[in-house]
Amino acid sequence: MPPPKDVVKIAIQMVGAIPQLIELQQTKPLASVLKDVCDAWSLPNAERYALQYADGRQTYITESNRRDIKNGSILRLTTSPDQEAEQLYIGIQSKNVDVKTDSLKKLASLSQDVTFAQEFISRNGLKQIYSIVEEGNDTGEMLAHTLKAFTELMEHDFVSWENLSTVFIKKIVSYVNMNAVDASIQQLSLSILENMVPTSRLLFEVVKKEVTLDRLLTHLQVTNAQLQLKAMALLIALLLSATDAERRGMMDYLREKNIRQFIHKNIIHSSEPLGDEMAHYLYVLQSVSLNLCEHRMKMCMDPYSQEQRDLLQSLRQAAFESESEASAGTFSTERRRSLCAKEFRKLGFMNNSNPAEDLRRAPPGLLALDNMVYFSRNTPNAYSRFILENSSREDKHECPFARSSIQLTLILCEILHIGEPCSETAQAFYPMFFGQDHFFEELFCICIQLVNKTWKEMRATQEDFDKVMQVVREQITRTLSLKPTSLELFKTRVNALNYSEILKLRQTERLHQEETLAVPVLELREKLKPELLELIRQQRLLHLCEGTLFRKISSRRRQDKLWYCRLSPNHKVLHYGDVEEGVQSPPIESLTEKIPVADMKMLLVGKECPHTKEKSSGKQNKDVLELAFSIVHDVEEYCLNFIAPTRYEFCLWTDGLNVLLGKEMTSERTQTDLDVLLSMELKLRLLDLENISIPDDPPPIPKPPSNLNFCYDFSHAEQ
């Protein structure tokens with residue numbers, strides 16, 4: 001008979017004593033439970049004691065979290081949080097260096113617990129932390145413990161970052177700016193500043209002023225991967241908190257310092273594998289840099305702006321300079337205007353009498369004009385060849401440079417997500433972005449020549465413009481999906497993917513689709529589905545058994561804290577627990593928290609999850625919603641909340657959990673995997689039927705024979 005839901009069977013340990021096995025009445029006050037436990041061990045003053053988990057993060061048990069205790073949990077009787085806070089408050093003020101260091105070390109560990117943190121802060125403990133840092137007498141191990149304790153205490157959001165004194169902030173900044181400081185202290189100092197920057201405009205300005213970009217670049221060039229990571233985190237925090245003008249100025253300065261080339265050489269192509277956190281920061285840096293184009297992308301051309309008109313005229317002059325100069329002095333104003341209109345028509349503008357009208361559409365706005373001017377100035381030979389080559393073609397076969405450039409700029413903006421906010425979790429960046437200054441413009445220069453090449457291969461006319469641009473989009477996206485490491489490699493691959501190759505790929509896909517639509521093949525598909533779905537189920541469960549590293553994300557910042565979750569080999573228990581950065585696959589024994597699969601009630605995804613509802617602002621980041629899922633478990637319907645690192649992981653985990661719950665797998669990945677497996681299986685089964693048309697109807701069954709005398713009678717077989 002199962003125990004009542006308000007009773008949990010637990011073990012309680014104490015150093016030097018035989019453990020107690022008790023049935024914890026959840027309706028009984030915690031003070032009474034402690035009194036009974038202390039009485040069993042003959043301990044006076046039960047109010048001086050508290051219970052905490054013996055494993056994992058060793059969280060203190062309180063009235064608010066006692067319902068999280070599961071059957072079989074192991075607790076430990078220890079000093080109460082208020083007693084510990086009082087002792088450590090006194091210990092960190094000790095004149096004895098060893099006592100002070102040990103107290104700070106213990107403080108750094110205990111401060112992770114919210115109950116202890118509240119007790120310590122209520123005693124004005126943070127003031128003592130400030131004093132230790134501001135006095136600046138302690139260095140090395142003692143200072144590292146102090147900064148670690150401060151970071152953990154501030155993590156609970158009991159105290160505003162804006163309460164920090166100028167002296168304290170400048171001291172933290174000095175540790176970042178000094179050379180002769182232990183790397184662990186610099187890492188903690190960078191982390192503190194990173195947390196500080198997004199909280200207020202004033203703190204952002206202080207940090208931006210005190211920690212120069214040059215200093216951050218120095219930290220990025222060290223061999224210590226963790227220090228490099230923290231420096232990148234602070235740089236990203238500064239960029240995200242800056243105004244558009246400040247961000248542009250910072251990015252211009254970083255470009256002057258060749259940060260892209262350094263990242264390309266020493267981080268992306270370093271001997272050490274790129275971690276998830278650094279991959280995310282590189283994605284954000286790429287996104288911030290590309291979004292600098294957003295302003296021009298959304299700005300329409302102003303026909304009364306002399307600067308913009310000059311840029312437009314420079315395109316005409318670069319293409320037809322000699323002709324324009326020769327005729328300038330001999331023709332009337334009207335004749336010159338007619339000549340200009342003719343030249344703008346040759347440039348491919350739809351409205352040749354007023355080409356500014358072509359650039360009134362935003363997006364791509366003035367960004368298209370900027371790209372055309374960049375192409376004409378930086379690759380003048382290619383520009384002249386494009387214009388002159390098309391000028392000599394028949395009218396209906398000429399590739400319109402301006403119209404193509406405007407549409408191509410729009411396509412590139414859509415592919416590169418220019419103008420979209422940064423994702424909180426994405427890690428997908430293009431390595432070639434960091435290998436090239438003026439990446440967007442250089443990519444345009446390659447792709448506009450690709451447009452001309454594809455136009456000729458398709459023998460296109462003006463009516464085929466949209467078809468050509470559709471092919472070009474496909475060429476670019478297919479090539480980018482290969483993640484080329486440089487623009488040169490991109491250029492080689494995209495040019496190799498010519499129109500005939502695109503046709504072959506399309507034909508292969510179409511034939512495959514046609515094959516799979518034949519009635520007998522559809523029937524075979526249906527017969528194969530159950531077996532292949534079972535294979536997918538087994539793969540999902542195997543993935544859950546291998547486990548995944550998840551990251552904790554708060555509304556304030558991207559967290560450094562990680563936790564790991566995996567399914568037991570017998571598929572009966574989910575094990576999870578906090579892990580340190582760099583741990584790839586912790587053993588299942590080290591994951592102290594457990595959820596029996598039998599206790600799992602349902603799976604929630606997206607907006608239904610409690611941790612997405614908790615986020616107060618309505619500006620919920622779309623990508624977090626797409627990656628969020630929760631397991632509702634136990635009689636009390638507790639939730640274990642997840643934010644998957646990628647959409648792929650989200651699909652595999654939600655599918656695996658649905659399998660454990662006895663439900664259908666619903667992710668888009670299931671359909672993709674099923675299609676791939678069905679395709680492979682069908683091809684193997686239909687190999688002997690290659691080049692043989694499969695009829696829609698089965699052949700007729702012949703009539704039965706008039707007699708069955710041809711059957712062999714085994715009873716008359718020779719002995």
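The values are calculated or read from the model by the stated rules, or taken from the named source; none is laboratory data. These numbers were taken from a predicted model, which means no experiment stands behind them. Cβ coordinates were reconstructed from backbone atoms using ideal geometry, including for glycine residues, and neighbour counts include every protein chain displayed. Just so you know, the surface numbers come from the protein's heavy atoms only, side chains and all, with ligands and any DNA or RNA stripped out. Shrake-Rupley method; radii C 1.70, N 1.55, O 1.52, S 1.80 Å.
Select from segment 143-172 the residues that are of a type in the set (S, T, N, Q) and closer than 17 Å to VAL197 by Cα and list them in ascending order.
Selection gives THR151, SER160, ASN163, SER165, THR166.
Has segment 90-102 got any residue that is more than 42 Å from the chain's Cα centre (by Cα), outside any helix (DSSP H, G or I) and hydroxyl-bearing (Ser, Thr, Tyr)?
yes
Please state which one of ARG76, ARG48, ARG66 is of a type in the set (D, E, K, R) and at pLDDT below 90.
Being of a type in the set (D, E, K, R) and at pLDDT below 90 holds for just one of ARG76, ARG48, ARG66, which is ARG66.
Answer yes or no: is there a residue in segment 239-246 that is part of a helix (DSSP H, G or I), within 19 Å of GLU424 (Cβ to Cβ) and open to solvent by 60 Å² or more (accessible area, probe 1.4 Å).
The answer is yes, given that some residue of segment 239-246 is part of a helix (DSSP H, G or I), within 19 Å of GLU424 (Cβ to Cβ) and open to solvent by 60 Å² or more (accessible area, probe 1.4 Å).
When segment 591-605 is examined, which residues are found to be more than 16 Å from HIS571 (Cβ to Cβ) and more than 27 Å from the chain's Cα centre (by Cα)?
THR592, LYS601
Considering segment 362-420 alone, what residues qualify as being part of a helix (DSSP H, G or I), polar (S, T, N, Q) and more than 22 Å from ASP464 (Cα to Cα)?
Matches in segment 362-420: ASN371, SER376, ASN378, ASN381, SER384.
Here are some residues: VAL579, VAL583, VAL597. Which one is out of contact with any Cys (no Cβ under 9 Å at 6 or more places or on another chain), among the hydrophobic types (A, V, I, L, M, F, W, C) and modelled with pLDDT of 90 or more?
Result of the check over VAL579, VAL583, VAL597: VAL597.
The conditions are (1) within 23 Å of LEU153 (Cβ to Cβ); (2) surrounded by 13 or more Cβ atoms within 10 Å (Cβ to Cβ); (3) without any contact (Cβ under 8 Å) to a residue 40 or more places away in the chain; (4) among the charged types (D, E, K, R), and GLU63 fails exactly one of them. Which is it?
Tallying (1) within 23 Å of LEU153 (Cβ to Cβ); (2) surrounded by 13 or more Cβ atoms within 10 Å (Cβ to Cβ); (3) without any contact (Cβ under 8 Å) to a residue 40 or more places away in the chain; (4) among the charged types (D, E, K, R), GLU63 fails exactly one: (2).
Go through segment 469-502 and report how many residues are in contact (Cβ under 8 Å) with a residue 40 or more places away in the chain and either open to solvent by less than 10 Å² (accessible area, probe 1.4 Å) or under 19 Å from ILE415 (Cα atoms) (or both).
Residues in segment 469-502 being in contact (Cβ under 8 Å) with a residue 40 or more places away in the chain and either open to solvent by less than 10 Å² (accessible area, probe 1.4 Å) or under 19 Å from ILE415 (Cα atoms) (or both): 16 in total.
If you check ASN224, ASN177, which single one turns out to be surrounded by fewer than 18 Cβ atoms within 10 Å (Cβ to Cβ) and more than 28 Å from the chain's Cα centre (by Cα)?
Just one listed residue meets the conditions, ASN177.
Out of the residues in segment 105-131 that are open to solvent by 10 Å² or more (accessible area, probe 1.4 Å), touching a helix residue (DSSP H, G or I) at 6+ places or on another chain (Cβ under 7 Å) and of a type in the set (Val, Ile, Thr), state the one that is nearest to GLU63 (Cα to Cα).
Residue satisfying both the conditions and the ranking: THR115.
Consider ILE169 against the criteria (1) over 26 Å from THR223 (Cα atoms); (2) buried (at least 16 other Cβ atoms within 10 Å of the Cβ); (3) in contact with a Lys or Arg (Cβ under 9 Å, 6 or more places away or on another chain): it satisfies all of them except one. Which criterion is unmet?
Tallying (1) over 26 Å from THR223 (Cα atoms); (2) buried (at least 16 other Cβ atoms within 10 Å of the Cβ); (3) in contact with a Lys or Arg (Cβ under 9 Å, 6 or more places away or on another chain), ILE169 fails exactly one: (3).
Given the criterion within 31 Å of the chain's Cα centre (by Cα), surrounded by 11 or more Cβ atoms within 10 Å (Cβ to Cβ) and modelled with pLDDT under 70, identify the matching residue among ASN658, ASN621, ASN641.
ASN621
Which one of these is without any contact (Cβ under 8 Å) to a residue 12 or more places away in the chain, farther than 30 Å from SER241 by Cβ and not aliphatic (A, V, I, L, M): SER404, SER392?
Only one candidate qualifies: SER392.
Identify the residue in segment 428-438 that is touching a residue at least 60 places away in the same chain (Cβ under 8 Å) and open to solvent by less than 50 Å² (accessible area, probe 1.4 Å) and, among all such residues, is nearest to PHE375 (Cα to Cα).
ASP437
Restricting attention to segment 474-506, and to residues there that are part of a loop (DSSP other than H, G, I, E, B) and among the small types (Gly, Ala, Ser), which single residue is nearest to PHE434 (Cα to Cα)?
It comes out as SER486.
Tell me which residues, restricted to segment 41-56, are exposed (fewer than 14 other Cβ atoms within 10 Å of the Cβ), at negative phi and not charged (D, E, K, R).
PRO44
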